1. Nearest 0.05, what FRET efficiency do residue 92 and residue 12 give at R0 = 25 Å with Cβ-Cβ as r?
2. Given the convex hull over the Cα atoms of region 5-111, what projected area results after averaging over all orientations, in nm²?
3. Using a 7 Å offset from the Cα along the Cα-to-Cβ direction at both residue 62 and residue 36, what is the distance between the two label points in nm, to one decimal?
4. Run the helix sum for the chain: -39,500 (n - 2.57) per DSSP H stretch of 4+ residues, divided by residue count, reported at 222 nm to the nearest 500 deg cm²/dmol.
5. Measure off 7 Å from each Cα along the Cα-to-Cβ vector at residue 80 and residue 52, then give the distance between these two points in nanometres to one decimal.
6. What net charge is computed for the residues neighbouring residue 92, neighbours being all others with C-beta under 14 Å from the C-beta of residue 92, Lys and Arg scored +1, Asp and Glu -1?
7. Under a Cβ-Cβ cut-off of 9 Å, what is the net charge of the residues other than residue 108 that fall near it, where Lys and Arg count +1 and Asp and Glu count -1?
Amino acid sequence: MDEKLKASPYGTFLEHCRKGLLAYQYSLDDNKPVFFPRVLAPGSGSTNLEWRVSQGLGSVHATTVVHSKDVTPYNVALIDVDEGFRMMSRVEDIDPMQVKIGMRVKVRMHPGDDKQPPYPVFVPVEGSK
């Protein structure tokens, strides 16, 4: 990984993803989570940010199914992560039309490859409907 990227908040996020962890920042001045990784907390501009690791559990806030020519339909979802931040991802291991608002999900990391870095997706929590 490029040294400049490695030292950036996004680089730190990717390093956690490589370890299978969903990391986020927490603003100690604002007492709130910060996601997507950044240098300053939104709103206050605080630089007093620390890294934390999510338990990887959350609920679907919103979902839609994307239909494209020659591509299997897939969903795009907003996930309310239990630690208090929302992120865009998708829910896998389920028919995209069966993803429902309020469904409990847990994170799973895609390892990435030469063309794409690792990234988090979600799967339904056992027994969640």
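Only the coordinates and a few stated rules stand behind these numbers; no lab work does. The structure displayed is predicted, hence computed values, not measured ones. We place every Cβ from the backbone using ideal geometry, glycine too, and count neighbours over all the protein chains shown.
1. Given R0 = 25 Å and the Cβ-Cβ separation, E is 0.50.
2. Projected over every direction and averaged, the Cα hull of region 5-111 covers 7.8 nm².
3. Output for this residue pair reads 1.6 nm.
4. Dividing the helical sum by the residues of the chain leaves -2500 deg cm²/dmol.
5. Going from the residue 80 label point to the residue 52 one covers 1.7 nm.
6. Numbers: positive: 90, 106, 108; negative: 93, 95.
Its environment carries a net charge of +1.
7. Result for the local shell: -1.
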